[in-house]
Amino acid sequence: MTISSFSSPPMDRVMLPESKEEPWDMIPHPDVRVQTSDGRKIAVHAKFLISESDVLRFMIFDRPMKKDGDIPIVSLGGVPYDAVVTFIRCLYSSSSSGPAVKKEEIEKYGVHLLALSHVLCVPWLKHAVTNDLVLTMDNVVDMLKLSQLCDAPALTLRSLTVIRRHFPVVVLTDGWNFIRENDPKLELQVLRFNEEYDKRDKRTKKMKKNLVVYIALSEAIECLHHICIEGCTVYRQPNGENMNIEPKNRQKPCIWGNTCRNLQRKLRHFEDCEAIKNKTSVMAIIDEDCCYCRKMWHLFYHHSALCDGEGICNVPLCSLFKISSADLNHNSKEWKLLIKKVGSIAVFTRMSIKRRFGIC
Ligand SMILES: [Zn+2]
Ligand SMILES: [Zn+2]
Ligand SMILES: [Zn+2]
């Protein structure tokens, strides 16, 4: 687009499209005037304005407030002259080669472009400005206020996020002092957002922590299945030839490496541990002091909840847990949820390990 400057009033500028399909001499004369708050006038073409804004169409054709002879005048007050010129340039660019607003223009006139695009209903420009407005600790409170005046929820969210992240610094700014003294509703909204964000953050961290536990548990359960039911062909079995291993599984390579070796070491400890020898009930083991055996007890316990093998299962205590399930509160909501999560993660663990080693 070319902007020609006229040296004397009443016309200060004539807006022309930068690229055009028709020859220059075919461009019609500007047929609308835009007047800014300092009284200057810009000659523009209605077709570029009305193609982007129904509000401008209404102001130009349906109810023009003022006219210069036969030419309608659109007043855009409250915004600096250069910002209005930039706004019109954006409308012209959009008409000729798709939406275009430069980052430097948003940096310089972002606030005014947002206000104009909101009032005159130019959604693509409002969206672009909302996304690219630069938020600093000094201007973020003003941007929050502006986002609410201009109904720009994306900018509201960006502003609230920046305020929360730099809250100790933001509270020292003039913008925050103004809000605190004059807009308690907005102040409350900011404080509530911070509180909600912190709660959500804590919940997310807790969920991530739980997920790590579920993954570790499901991997251990899968490895236990590999050792006691499939039969590890690389490392020593906990009870050697007595394992009831299906023949089709005997040739499978061990894909668990150190996990398998460590778990087999713990299984051997569980078999030989003096502390739990001669214990007649499964519940008696958990009361003993040996932390290794207590951990293994929990592992066997979770395995038994997922074990669908009928008859004898090679995993230690599995059959006993199944018999004692009524005493172990297997019907509690928390227990069912835990087993459901561990069970579904175990399926993914099995699939991903097998895929990693090209077994399926
Ligand atoms: Zn193994
Ligand atoms: Zn022990
Ligand atoms: Zn079992």
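Across segment 36-49, rounded Karplus estimates of 3J(HN,Hα) from the backbone phi angles (6.51 cos²θ - 1.76 cosθ + 1.60, θ = phi - 60°) give 9, 5, 8, x, 6, 10, 10, 7, 9, 9, 4, 4, 6, 7 Hz, Gly and Pro being marked x. The H on the amide N of LEU16, modeled in the peptide plane, is under 5 Å from the matching H of THR2, SER4, each at least 5 residues off or on a different chain.
Listed by Cβ neighbour count within 10 Å, with the fewest neighbours leading, LYS206, LYS102 appear as LYS206, LYS102. Between LEU191 and PHE167, the modelled labels are 1.0 nm apart [label points 7 Å from Cα along Cα→Cβ]. Remark on VAL74: its backbone amide H falls under 5 Å from those of ARG33, VAL34, GLN35, a criterion applied only to residues 5 or more positions apart or on other chains, H modelled at 1.01 Å from N.
Beyond 24 Å between alpha-carbons counts as too far, so tell me which of LYS206/LYS266; LYS208/LYS266; LYS41/LYS66; LYS295/LYS336 fall in that bin.
Numbers: LYS206/LYS266 29 Å; LYS208/LYS266 27 Å; LYS41/LYS66 13 Å; LYS295/LYS336 20 Å.
From LYS206/LYS266; LYS208/LYS266; LYS41/LYS66; LYS295/LYS336, over 24 Å: LYS206/LYS266; LYS208/LYS266.
The amide H of CYS254, built 1.01 Å from its N in the peptide plane, has THR233, VAL234 as neighbours under 5 Å, considering only residues 5 or more places off or on other chains. Residue by residue, segment 135-149 carries 3J(HN,Hα) couplings of 9, 10, 5, 7, 9, 5, 5, 5, 5, 5, 4, 4, 4, 6, 5 Hz when phi is fed to the Karplus relation 6.51 cos²θ - 1.76 cosθ + 1.60 (θ = phi - 60°); x denotes Gly or Pro.
How do TRP124, TRP256 line up, fewest other C-beta atoms within 10 Å first?
TRP124, TRP256
As a proxy for reagent exposure, TRP176, TRP335 were ordered by neighbouring Cβ count within 10 angstrom, fewest first; the result is TRP335, TRP176.
Read the figures in this text as sums done on the coordinates, not as results from a lab. Being a predicted model, the structure only gives us computed values, none of them experimental. Methodologically, a virtual Cβ is constructed for each residue, glycine included, from the backbone with ideal geometry; neighbour enumeration extends over all protein chains shown.
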